[in-house]
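Below: the structure, in structure tokens.
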Amino acid sequence: MDIKVVIFDWDGTLIDSVEHIAESLHQAATDLGYPELEREAYRDIIGLGMVEALHKLYPGISHEEMTRIREGYSTYFFSKVTTPQNVFAGMTEVVTDLRAAGRGCSVATGKSRRGLAEALVSSGLGPHFDTTKCADETRSKPDPRMLSEIIEFYNIRPDQAVMIGDTRYDLEMAQRIGMPSIGVEWGVHQRDVLQHYEPHAIVDTVADLRGILGI
């Protein structure tokens with residue numbers, strides 16, 4: 001691909017954190033007496049901002065209850081520190097080689113700024129990214145606001161960047177702004193879901209991703 005900038009989702013794309021997020025949400029909600037949902041329900045909202053995720057999981061939830069769940073979630077989630085070992089095998093090298101090839105790298109995530117700031121440091125990936133956008137400082141996926149802000153940072157067109165993500169929210173976000181996307185199957189959603197958003201490619205191995213990116 002003749003692309004100047006590669007934009008990565010974080011959880012489920014770069015970091016193997018899907019199950020930890022799902023379990024943290026489950027624990028926080030059930031601690032407060034909310035019904036236990038199927039694990040897939042918790043997985044399916046990964047990629048959204050927390051406010052949007054909780055509205056989808058528990059329609060009609062009050063602001064007060066949402067605050068309590070979010071506090072509980074933070075306690076569970078931050079009890080485990082993201083480390084370099086949580087980066088999917090080969091993805092550190094992908095980002096390193098993209099930078100060596102002169103391409104910009106950035107992150108567009110549903111995480112909070114606090115969560116991403118800590119993970120950028122503890123994962124060791126932070127120095128590779130020129131800019132990062134989080135759901136709590138712009139708009140949640142699939143609204144394309146964060147992609148608009150990233151391409152504005154680089155002063156490029158949407159077709160000069162590519163969004164790489166594991167969820168339909170990532171690919172829909174890119175589709176809505178006219179940006180090519182690549183779906184990865186090692187996170188939340190599989191090919192049957194991802195293909196609805198007309199990605200440039202869907203890959204199930206890091207080697208295939210490297211081939212598409214030409215590195």
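None of the figures in this text is laboratory data; all of them are computed from the coordinates on show. Just so it is clear, the model here is predicted, and its values are computed rather than measured. No Cβ is skipped: glycine too gets one built from the backbone with ideal geometry, and neighbour counts run over all protein chains shown.
Given (1) 64; (2) 55; (3) 59, which label gives percent of Cα pairs over 20 Å apart as computed from the coordinates? Evaluating percent of Cα pairs over 20 Å apart on these atoms matches (2).
Mean residue ellipticity, 222 nm, helices only, the chain: the sum of -39500 (n - 2.57) across DSSP H runs of n ≥ 4, divided by residue count and rounded to 500, is -13000 deg cm²/dmol.
Throw me the Rg/Rh for region 93-215, computed over C-alpha atoms with Kirkwood Rh, two decimals. Don't skip to the end; give the middle numbers.
Details: Rg = 13.7 Å, Rh = 14.7 Å.
With Rh from the inverse mean 1/r over Cα pairs, Rg/Rh is 0.93.
About its Cα centre, the dipole of region 67-215 is roughly 420 debye, where the only charges are +1 on Lys and Arg Cβ and -1 on Asp and Glu Cβ.
Counting only GluC sites (Glu not before Pro) that DSSP places in a loop and that have at most 12 other Cβ atoms within 10 Å, the longest clean stretch of the chain runs over 39-215.
Antiparallel versus total DSSP beta bridges in the chain: what percent is that, nearest 5? Each step should come with its number before you reach the end.
Working: 1 of 21 bridges.
Counting only bridges with both partners in the chain, antiparallel ones make up about 5 percent.
Size of region 1-104: Rg and Dmax of its alpha carbons, in Å, are 16.7, 51.
Normalised by the empirical 2.2 N^0.38 Å for globular proteins, what value does the Cα Rg of region 144-215 take?
1.06
For residue 101, project a label point 7 Å along Cα to C-beta. Then give me every residue of region 201-215 with its amide nitrogen under 13 Å of that point. Answer for this model: 207-215.
When the chain is treated as a GNM with alpha-carbon contacts under 10 Å, the residue of 114, 43, 191 showing the greatest mean-square fluctuation is 114.
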